[in-house]
1. Can you tell which of A:ALA47, A:ALA103, A:ALA119 shows the greatest fluctuation in a Gaussian network model of chain A with Cα springs below 10 Å?
2. Going by the alpha-carbon gyration tensor, a ≥ b ≥ c the square roots of its eigenvalues, is region A:52-186 rounded (a/c under 1.5) or, if a/c is not under 1.5, prolate (a/b greater than b/c) versus oblate?
3. Who wins for biggest fluctuation among A:SER220, A:SER160, A:SER35 in a Gaussian network model of chain A, springs between alpha carbons below 10 Å?
4. What trypsin sites (Lys or Arg not before Pro) does region A:97-185 have in DSSP loop regions with at most 14 other beta carbons within 10 Å?
5. Using the Cα centre as the reference, give the magnitude of the dipole from point charges on the C-beta atoms of region A:34-233 (Lys, Arg: +1; Asp, Glu: -1; all else neutral), rounded to the nearest 20 debye.
6. Just in region A:144-234: which GluC sites (Glu not before Pro) are loop by DSSP and have at most 15 other Cβ atoms within 10 Å?
7. On a full-extension model of 0.36 nm per residue, what is the gain between A:SER35 and A:ARG106, subtracting their alpha-carbon distance, rounded to one decimal in nm?
8. In debye, nearest 20: dipole of region A:42-134 around its Cα centre with unit charges on the Cβ of K, R (+) and D, E (-)?
Amino acid sequence: MDERPLPLKIPASLDEAKAIQEAIARAAETAPPVSLDEVRCIAGADASYSPDGRTVHAAVAVLGLPDLNVLERCWVSREVPFPYMPGFFAFREGPAIISAVGALTRQPDLLLVDGHGRAHPRRAGIATHVGFLLSIPTVGVAKQLLAGDAVEFGPARGSSSPIWDRGEIVGMAVRTKAGSRPVYVSAGHAMDLATAVAAVLATTGTSRIPAPVREAHRISREVRRSHITFSVSP
DNA sequence: GCGACAG
DNA sequence: ATCTTGTCGC
């Protein structure tokens, strides 16, 4: 039973990085999408950085549906392997997130990643990379657009507007909280846009950010604050 | 060439 | 993302 995730190779050049992304984008769209009624738990992943910018702290929280109770938390810190460059975010914090998810006792049915999935210049954001390498259905949930545009839409929670990029719909701007700025949702790996949006709305209570991502964000900041290097907790 | 640019 | 004070709003 080999459950170890494939490693995400850190590219030596931007051309190599683009080639990796193009291959992952093809694979992610080939994988059959999950159905939400086979999803019992949803995890969220996020990362924070040390003040000197040399260490990344990745965290993951697994929540049960439909009550959003925390089932498991996991985190891992490591040296930052890649500089921040828009479009190549996956190589910066993807490896740490993959390690954190891989160290969970039980793999989640679906993973929400802070960042984009298909709504990316090469249709392969961090959610796509992480999902493909872990073989877990993923959704990208971003606070800002990287590629494409969405027209303005209604202020009610649950309303949405497609993200268009170069003639195709690559994601959805979703109002998760009435009157607040939308979050930008896109399919990662083995995912469908409608399912992605449904998963985000199902895990969003009163906050703009889905509870699993919010909890992962909280953990990663706590880890940075307390200098914990590695741990798992139920 | 110019502007835009997840976290 | 991170460094930072006060401040506006629900």
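1. For chain A, modelled as a Gaussian network with Cα springs under 10 Å, the answer is A:ALA103.
2. It is oblate, given that a/c is not under 1.5 and a/b is not larger than b/c.
3. A:SER35
4. Numbers: sites: A:ARG106, A:ARG118, A:ARG122, A:ARG123, A:LYS143, A:ARG157, A:ARG166, A:ARG175, A:LYS177; in loops: A:ARG106, A:ARG118, A:ARG122, A:ARG123, A:LYS143, A:ARG157, A:ARG166, A:ARG175, A:LYS177.
The qualifying sites are A:ARG106, A:LYS143, A:ARG166.
5. Working: 21 positive and 17 negative charges, 93 e Å.
The calculated dipole for region A:34-233 is roughly 440 debye.
6. Values: sites: A:GLU152, A:GLU168, A:GLU215, A:GLU222; in loops: A:GLU152.
Answer by residue number: A:GLU152.
7. Details: separation 71, 0.36 × 71 = 25.56 nm, distance 1.92 nm.
Computed gain between A:SER35 and A:ARG106 is 23.6 nm.
8. 320
The values are calculated or read from the model by the stated rules, or taken from the named source; none is laboratory data. Here the structure is a predicted model, which means the values were calculated and not measured. Here the Cβ is made from the backbone with ideal geometry for all residues, glycine too, and neighbour counts use every protein chain on show. Keep in mind that these areas ignore ligands, DNA and RNA; they rest on the heavy atoms of the full protein, side chains included. Shrake-Rupley method; radii C 1.70, N 1.55, O 1.52, S 1.80 Å.
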